[in-house]
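To start, the structure under review is shown below, and the notes come after it.
The values are calculated or read from the model by the stated rules, or taken from the named source; none is laboratory data. Owing to the predicted nature of the structure, the values given are computational and were not obtained by experimental measurement. All Cβ positions, even for glycine, are placed from backbone atoms using ideal geometry, and neighbour counts span all protein chains on display. Note: accessible area is taken over every heavy atom of the protein model, side chains too, but ligands, DNA and RNA are not part of it. Shrake-Rupley method; radii C 1.70, N 1.55, O 1.52, S 1.80 Å.
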Amino acid sequence: MANTNPLREDQTLCARGDHTHAHGAIVQPIYQSATFRFESTDQVEEFNQGNSPRYMYTRYGNPTLASAEATIAALEHGDRAFLFASGLAATAAFCHATLRSGDRIVAASRLYGGTPFFLNECLKPLGVEIEYADFTDLDHLATILPGARACWFETPTNPTLGIVDGAKVATLCRNNHVISAVDNTFATPINQKPLSWGTDWVMHSATKYLNGHSDIIGGVLVAGNGVDCTGVEKVRKGTGGIMDPHAAFLLSRGMKTLALRVERHNANALALAAHLNAHPKVTRVHYPGLPSHPAHEVASRQMRGFGGMLAFDVKGEYATAKRFVDGLKLIANAASLGGVESLISLPILTSHVHASPEELLDADVTDATVRLSVGIEAIDDLRDDVDSALAGA
Ligand code: PLP
């Protein structure tokens with residue numbers, strides 16, 4: 001069944017953003033102010049009672065952030081969005097708001113490396129039990145969800161593009177009263193909308209596609225319709241991990257071209273994946289848009305486009321992969337992803353640098369695996385760069 005996300009709605013939403021600004025300004029200005037003046041103490045009282053449209057202090061909220069939050073909430077079909085200083089600050093705030101000592105969170109075994117780092121090193125010592133599971137094994141998941149408080153997964157997964165059936169996992173979570181959260185960083189709301197699967201929360205590293213220009217660090221949590229946000233709001237206010245207004249301005253600016261950029265990322269990545277799949281110096285390509293991907297059917301059902309991320313194994317050992325990466329002229333060897341420029345990295349040196357051999361096997365990462373964030377450059381230039389580096393590797 002073809003995915004029917006309303007791209008038309010997203011295209012217009014992105015270009016216009018949240019467009020109700022003071023003085024008729026077309027763009028929400030940067031309110032680079034730590035604090036906001038009240039005209040009277042009555043207004044302070046009203047603010048404290050929670051029925052005031054005013055702002056008090058930027059750690060609690062700021063008009064520049066509110067504008068970007070409104071756009072993201074609309075793109076994800078959510079109730080409210082909350083911006084954070086980084087993606088991990090958003091993840092941490094969700095956990096802090098949702099979990100108490102003695103609670104259990106079921107987390108996918110395939111996740112961005114920073115997430116298990118946070119879960120194991122920062123959350124577990126507070127008495128929260130972390131249980132990892134293969135989220136493609138739904139029968140097993142059904143046996144461990146009862147009694148859990150929350151569940152966390154991503155799809156496609158970083159770095160080898162595994163696909164989780166989001167609607168099936170969301171249903172299992174609902175049936176077991178487990179609060180579900182999805183990291184939608186790789187796909188973007190243009191390619192999939194996890195709240196429509198029935199999940200409770202969506203998280204993004206806004207550092208990546210939402211901003212799209214590799215010039216900010218940021219994160220966001222989006223609450224599904226009717227989901228209680230008071231805990232997340234309290235944690236953001238109480239721990240202070242909120243985004244800076246200047247970053248929020250750059251995020252809003254970036255999102256104006258999100259739909260356009262993602263269409264190009266999708267097209268470039270699909271073309272490059274198909275090219276690499278037929279290349280004699282490549283042994284495997286991980287890309288959900290390829291019919292050979294083990295979950296291509298699930299991806300086709302839940303994604304409108306397959307995204308700009310792909311991974312592949314260079315034929316040979318680590319030394320060959322290293323020569324390949326070092327031989328690239330256009331594509332930069334850098335961590336991060338989702339910007340207009342193509343970036344490449346070796347997961348065993350970045351996201352999986354501390355992984356054990358078993359964890360590498362589980363993540364489908366070898367020492368010849370490279371992860372490529374395909375940018376919006378001319379596809380012929382990307383193909384030429386990859387071909388000449390493979391020839392020299
Ligand atoms: N989720 C995914 C899928 C990521 O790739 C990253 C960062 O690379 C994060 C979360 C963390 O985001 P940030 O670096 O903005 O804290």
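What the table below lists for this structure:
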read-out: Residue match in segment 129-137 (condition: more than 16 Å from the ligand (Cβ to nearest atom), open to solvent by less than 10 Å² (accessible area, probe 1.4 Å) and assigned to a strand (DSSP E or B)); value: yes
read-out: Which numbered condition R174 fails, given (1) closer than 28 Å to S101 by Cβ; (2) assigned to a loop (DSSP other than H, G, I, E, B); value: (2)
read-out: Residue list for segment 198-214, filter: more than 8 Å from the ligand (Cβ to nearest atom) and in a strand (DSSP E or B); value: W201, V202
read-out: Flag if T155 is more than 21 Å from T239 (Cα to Cα), in contact (Cβ under 8 Å) with a residue 12 or more places away in the chain and within 16 Å of the ligand (Cβ to nearest atom); value: yes
read-out: Subset of segment 215-225 that is touching an Asp or Glu at 6+ places or on another chain (Cβ under 7 Å) and part of a loop (DSSP other than H, G, I, E, B) - its residue that is modelled with the lowest pLDDT; value: N225
read-out: Selection from segment 74-114 of residues that are modelled with pLDDT of 95 or more, outside any loop (DSSP other than H, G, I, E, B) and within 8 Å of the ligand (Cβ to nearest atom); value: G87, L88, A89, A90, T91
read-out: Check on G147, more than 16 Å from the ligand (Cβ to nearest atom), closer than 17 Å to T171 by Cα and either of a type in the set (S, T, N, Q) or open to solvent by 10 Å² or more (accessible area, probe 1.4 Å) (or both); value: yes
read-out: Filter pass, G102 being open to solvent by 60 Å² or more (accessible area, probe 1.4 Å) and over 14 Å from the mean Cα position of the chain (by Cα); value: yes
read-out: Test: residue in segment 286-293 that is assigned to a helix (DSSP H, G or I) and buried (at least 17 other Cβ atoms within 10 Å of the Cβ); value: no
read-out: Sole residue being farther than 21 Å from H296 by Cβ and open to solvent by less than 30 Å² (accessible area, probe 1.4 Å), chosen from L161, L126, L119; value: L119
read-out: Helices (runs of 4 or more DSSP H) contained entirely in segment 296-392, each with at least 2 residues that are touching a helix residue (DSSP H, G or I) at 6+ places or on another chain (Cβ under 9 Å) and surrounded by 21 or more Cβ atoms within 10 Å (Cβ to Cβ); value: 379-392
read-out: Qualifying residue in segment 380-388 (condition: more than 14 Å from G308 (Cα to Cα) and of a type in the set (S, T, Y)); value: yes
read-out: Filter result (outside any helix (DSSP H, G or I) and within 24 Å of V365 (Cβ to Cβ)) within segment 115-128; value: none
read-out: So I190, is it open to solvent by less than 10 Å² (accessible area, probe 1.4 Å), more than 10 Å from the ligand (Cβ to nearest atom), of a type in the set (A, V, I, L, M, F, W, C) and in contact (Cβ under 8 Å) with a residue 24 or more places away in the chain; value: yes
read-out: Out of I217, I179, sole residue that is more than 12 Å from the ligand (Cβ to nearest atom) and open to solvent by 10 Å² or more (accessible area, probe 1.4 Å); value: I179
read-out: Residue among L111, L75 that is hydrophobic (A, V, I, L, M, F, W, C), open to solvent by less than 40 Å² (accessible area, probe 1.4 Å) and out of contact with any helix residue (DSSP H, G or I) (no Cβ under 6 Å at 6 or more places or on another chain); value: L111
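To keep it simple, each residue is scored yes or no on (1) in contact with a strand residue (DSSP E or B) (Cβ under 8 Å, 6 or more places away or on another chain); (2) of a type in the set (V, I, T); (3) part of a strand (DSSP E or B).
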{"position": "Q11", "(1), (2), (3)": "no, no, no"}
{"position": "C14", "(1), (2), (3)": "no, no, no"}
{"position": "V27", "(1), (2), (3)": "no, yes, no"}
{"position": "Y31", "(1), (2), (3)": "no, no, no"}
{"position": "F38", "(1), (2), (3)": "no, no, no"}
{"position": "F47", "(1), (2), (3)": "no, no, no"}
{"position": "P53", "(1), (2), (3)": "no, no, no"}
{"position": "A68", "(1), (2), (3)": "yes, no, no"}
